[in-house]
1. Filter region 262-282 down to residues that are within 11 Å of the ligand (Cβ to nearest atom) and of a type in the set (D, E, K, R), then give me how many there are.
2. Of the numbered conditions (1) within 16 Å of Val372 (Cα to Cα); (2) outside any loop (DSSP other than H, G, I, E, B), Phe241 satisfies every one except a single condition; which is it?
3. Here is a list: Asp7, Asp27. Which entry is surrounded by fewer than 24 Cβ atoms within 10 Å (Cβ to Cβ) and not in a loop (DSSP other than H, G, I, E, B)?
4. Name the one entry in Arg308, Arg285, Arg304 that is more than 13 Å from the ligand (Cβ to nearest atom), within 28 Å of Arg52 (Cα to Cα), modelled with pLDDT of 95 or more and in the same structural domain as Asp333 (by TED's automatic domain parsing).
5. Looking at Ser150, Ser179, Ser98, can you tell me which residue is closer than 30 Å to Glu3 by Cα and not aromatic (Phe, Trp, Tyr)?
6. Among the residues in region 75-85, are any more than 16 Å from the ligand (Cβ to nearest atom) and touching a Phe, Trp or Tyr at 6+ places or on another chain (Cβ under 8 Å)?
7. Tell me, which residue of region 288-300 that is out of contact with any helix residue (DSSP H, G or I) (no Cβ under 7 Å at 6 or more places or on another chain) and assigned to a strand (DSSP E or B) is nearest to the ligand (Cβ to nearest atom)?
8. Of everything in region 379-413, what is of a type outside the set (D, E, K, R) and at pLDDT below 95? Give them in sequence order.
Amino acid sequence: MPEFNFDALRRAPDVEAPNLFAVDPTDRFILDEAAELIEAAPAGSVVVANDRYGALALGAIAVHGARAVRVHQDAYSGELALRRNAEAQGVESSAFRSMDVEPTLVDGARVVLLQLPRQLYALDELAALIARAADPDVVVIAGGRIKHMSLAMNEVLSKYFGDVRVSRARQKSRLLIASKPRVVGAATAGAGAGAGAGADADGTTTGTATGEDAKGRSPLTLASRHDAALDLWVAAAGAAFGGTRVDIGTRFLLEFLPDMAPDAHHAIDLGCGTGILATSLARARPELRVTATDQSAAAVRSARETARLNGVEDRVEVVRDDALASQPDASADLIVLNPPFHVGSTVHAGIALKLFADASRVLKPGGELWTVWNTHLGYRPALERLVGPTEQCGRNTKFTVTRSRAVGELVSN
Ligand SMILES: C[S@@+](CC[C@H](N)C(=O)[O-])C[C@H]1O[C@@H](n2cnc3c(N)ncnc32)[C@H](O)[C@@H]1O
């Protein structure tokens, strides 16, 4: 195996730019701190969670000799980057296995390496799972950039672990090292996790787990909340955008639902998050076949549950995908999109442009892309260039809603 080179790691197929990095000082800090534990851990007992582009998993394998590593990455593009980076660095694909957030991810784990997720709910979901299913001697080494960390993270970990230690700072990163797991109620995923059964003050309820797995452990349940204005149930797993709340941009875009491609047969909710747009479309238009895609594993779980809670699961197909990679050219009549403007914690337009270009490829000639965006982002020229003629259909104090008509030929990026 050639010598492992962190600096050669790439983000592709995620957006690449001079100010966006595939590895950060937190990855190296976590690996250095965990070195002895990883080296002493039996095969199959090292778990990596929230690895961005594979630095943690590949570092554990190539530098510290971990074997049969289980890896969870919420973003599908991160999973693809891990595979590409492994190949480029000569790490065999059998050295790791990508998994969703499920009990088997952490079953019997002795060492868990974790890039702290931004959402507390996502941390809660993982910590609950580790406490329930990992080895009683498990040590969790969780790290983050100090500017993105909060005391609430210590509190979440302290709920599930008897011992939580805070490291010194190193290159603007810090570690939280947790051990002595304790089991706290049922593992409940998503917004509202930890609120207990029933509804919390803002109406979030915890869902009901159906059945148990082979070892008699309850599967994760998703939090859900009824939005009275839309009369819509929204389910959310830990890392899903917006939790169980309806984003105000999404709410504005929904006002235009009756105007969207009235003769459409196939619609796509691109970057579906918790599936609010997909479910609303399916519910309002019974003749429509709806595909919901998102690269986030948590979003996919959430969107499936949102569709189910609103009785349209048979008409909403939810796919985990990087943009629309699995959708054929010229196959959709309508695409709805509330694009992300963050890449990780960095504000970056690249991801929205990538989604516009893929929407253009997948729309039939004359098909419509409906987009809502923060007006200050000024996406209209990009939509004109990448998709086709674009008109403003609505504007409020914060957001603009546009309809772009595909011209039937690929527009250069
Ligand atoms: C602003 S949120 C909108 C979520 C949802 N449509 C809504 O309106 O509530 C943007 C979504 O795009 C997803 N996303 C980001 N990059 C993506 C990619 N490359 N492919 C697919 N989805 C992506 C994010 O995971 C996130 O769920």
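1. Of the residues in that region, 1 qualify.
2. For Phe241, the exception is condition (2).
3. On the way: Asp27 fails: surrounded by fewer than 24 Cβ atoms within 10 Å (Cβ to Cβ).
Exactly one residue qualifies, and that residue is Asp7.
4. On the way: Arg308 fails: within 28 Å of Arg52 (Cα to Cα); Arg285 fails: within 28 Å of Arg52 (Cα to Cα).
Selected residue: Arg304, the only one of Arg308, Arg285, Arg304 that is more than 13 Å from the ligand (Cβ to nearest atom), within 28 Å of Arg52 (Cα to Cα), modelled with pLDDT of 95 or more and in the same structural domain as Asp333 (by TED's automatic domain parsing).
5. Ser98
6. For region 75-85, residues more than 16 Å from the ligand (Cβ to nearest atom) and touching a Phe, Trp or Tyr at 6+ places or on another chain (Cβ under 8 Å): present.
7. Ranking the candidates gives Ser296 first.
8. So in region 379-413, the residues of a type outside the set (D, E, K, R) come out as 379, 381-383, 386-390, 392-394, 396-397, 399-402, 404, 406-408, 410-413.
Passing the criteria: Val407, Gly408, Leu410, Val411, Ser412, Asn413.
The values are calculated or read from the model by the stated rules, or taken from the named source; none is laboratory data. All values reported here derive from a predicted model rather than from experimental measurement. Positions of Cβ are backbone-derived with ideal geometry, glycine not excepted, and every protein chain shown enters the neighbour counts.
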